[in-house]
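Read through the structure below, which is laid out as structure tokens, and then see the notes.
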Amino acid sequence: MLVEINFDGLIGPSHNYAGLSLGNLASAKNAGGVSSPRAAALQGLEKMRANIQLGLTQGLFLPHDRPNLRWLASLGTELETATPQLRANALSASATWAANAATVAPAPDTRDGRCHMTVANLMTMPHRSHEWPGTLKQLKLAFAHPSFALHAPVPPPFGDEGAANHMRLCTDHGAAGVEVFVYGVTGGPFPARQHPEASQAVARLNQVRQALFVAQSEAAIAAGAFHNDVVAVANEHVLFCHEQAFAEKDQFYAALKTALPQVEIIEVPASRISLADAIQSYLFNAQLVTLPEGGMALILPTEAQENERVWTWLTEMVAGNGAIRRLIPVDVRQSMANGGGPACLRLRVVCDPAHVDPRFLLNEAKIDVISRHVARNWPAELTPDALDNPNLWADIAQARAVLLTDLHLDDLI
Ligand code: SUG
């Protein structure tokens, strides 16, 4: 039986605000601020718990090995002597944003009937460019069953940012779908992180039968939509997006309607919610999920509820009795301050849960165990200066290693 599983990245003990992501407005705004890795991870875990309580299947990815000494060594340096910039890159907890881990093509969409995953190279941002070996290692464990096919990243210079620029539309998770690959060409002052050549390569590697390739609008990237999932989200037959998300939206909508006549496009007009409000509130960086009792819910950041224009539009939409029936705000403020909303924190995989290594699946009891560990061992506060402290390097590596042992995942140490 195929179900959608959301695999959330547990926020790592080095979660900090070093301001490393050009084009990500929250990252720039909060640069230099004091983070709380402990609160961040606990917020993420409570989101996972809330999703389990909704009746959804929940998975987990573990924090990567940080500081990444191997990466520094490959650059001919080490922690003690690295420049502060390289050190911050080596310490980033950015692998937590699992929507950027890989692009997933579920079995019903692929030519060989396997569920394919291509790991993202994340090459545009230095702090994210060294995530992929850790991601691949983890995916190889979690998805070792022969019903999965894993692919190493597309090689540089073609930037690939994973599922954050990919949407799947279908009548039902278990039915064949059309996969939409969204890429950027120019972003005004900001980099376009998803290159069209990479999107096409991923579609080929993943053996996707029905693919559409769509450009992001320059205006969206320039306004801070460094990934498409900041301005659009899809689930089953519903596409929920901002009017200015795509470069040639009429052509895209027409192609989508041809590929999937049942598609329902819920477009938010710029006259009601500007791109600036969309990016500040992250209403599109929501998890759009199908509830077990039927109907869909949007799991949104509390920032969306606090923006009056956004919340008014959303409550009107829900009152209209369309496909989206419920709005569920969640507090992921620590991650939001780095530009990571509820949707960034998870990778969706449609598969048979029996084929997934159970160490990567969650229930509430396991969340309790992990939360206790985080409360004891994750730093309560981190300033960017603290990243220079050798005691911190040892503490965060130890905190992660102990958790992995507790979860019988020593293979990842
Ligand atoms: O890649 N932030 C991440 C946020 C990723 C959000 N993911 C999705 N939209 N799916 C990024 O920009 C900030 C790190 C810092 O500033 O230290 C950061 O990497």
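Taking first residues from the stretch 34-53 that are acidic (D, E) and partners that are in a helix (DSSP H, G or I), no Cβ contact under 6 Å between residues at least 6 apart in sequence or on separate chains turns up. For the stretch 1-26, a residue qualifies if it is within 10 Å of the ligand (Cβ to nearest atom) and aromatic (F, W, Y), and exactly one does: Y17. Listed by position, the helices (runs of 4 or more DSSP H) contained in the stretch 255-353 that have at least 3 residues being modelled with pLDDT of 95 or more and away from the ligand (no atom under 16 Å from the Cβ) are 302-306, 308-319.
Only one of the numbered conditions (1) closer than 30 Å to H355 by Cα; (2) more than 13 Å from the ligand (Cβ to nearest atom); (3) of a type in the set (V, I, T) is violated by T83, and that is (1).
Selection of first residues in the stretch 191-208 that are under 15 Å from D109 (Cα atoms) and of second residues that are surrounded by fewer than 16 Cβ atoms within 10 Å (Cβ to Cβ), restricted to Cβ pairs under 7 Å at least 6 apart or on distinct chains, gives the following pairs, ordered by first then second residue: Q207/R111; Q207/D112. If I filter the stretch 113-124 for residues that are farther than 21 Å from A163 by Cβ and either acidic (D, E) or within 12 Å of the ligand (Cβ to nearest atom) (or both), do I get at least one hit? So far as the stretch 113-124 goes, no, none of its residues is farther than 21 Å from A163 by Cβ and either acidic (D, E) or within 12 Å of the ligand (Cβ to nearest atom) (or both). For the stretch 155-189, the set of residues classified as more than 22 Å from R346 (Cβ to Cβ) and among the aliphatic types (A, V, I, L, M) consists of A176, V185, listed by residue number. Candidates in the stretch 227-245 are the residues that are open to solvent by 10 Å² or more (accessible area, probe 1.4 Å) and over 22 Å from N321 (Cα atoms); of these, the one that is farthest from the ligand (Cβ to nearest atom) is Q244.
V318 meets each of the listed conditions (1) of a type in the set (V, I, T); (2) out of contact with any Asp or Glu (no Cβ under 8 Å at 6 or more places or on another chain); (3) touching a residue at least 60 places away in the same chain (Cβ under 8 Å) apart from (3).
The values are calculated or read from the model by the stated rules, or taken from the named source; none is laboratory data. Since we're looking at a predicted model, the values are computed, not measured. Every residue, glycine among them, receives a Cβ derived from its backbone with ideal geometry; neighbour counts consider all protein chains shown. Heavy atoms of the whole protein, side chains included, go into the accessibility calculation; ligands, DNA and RNA do not. Shrake-Rupley method; radii C 1.70, N 1.55, O 1.52, S 1.80 Å.
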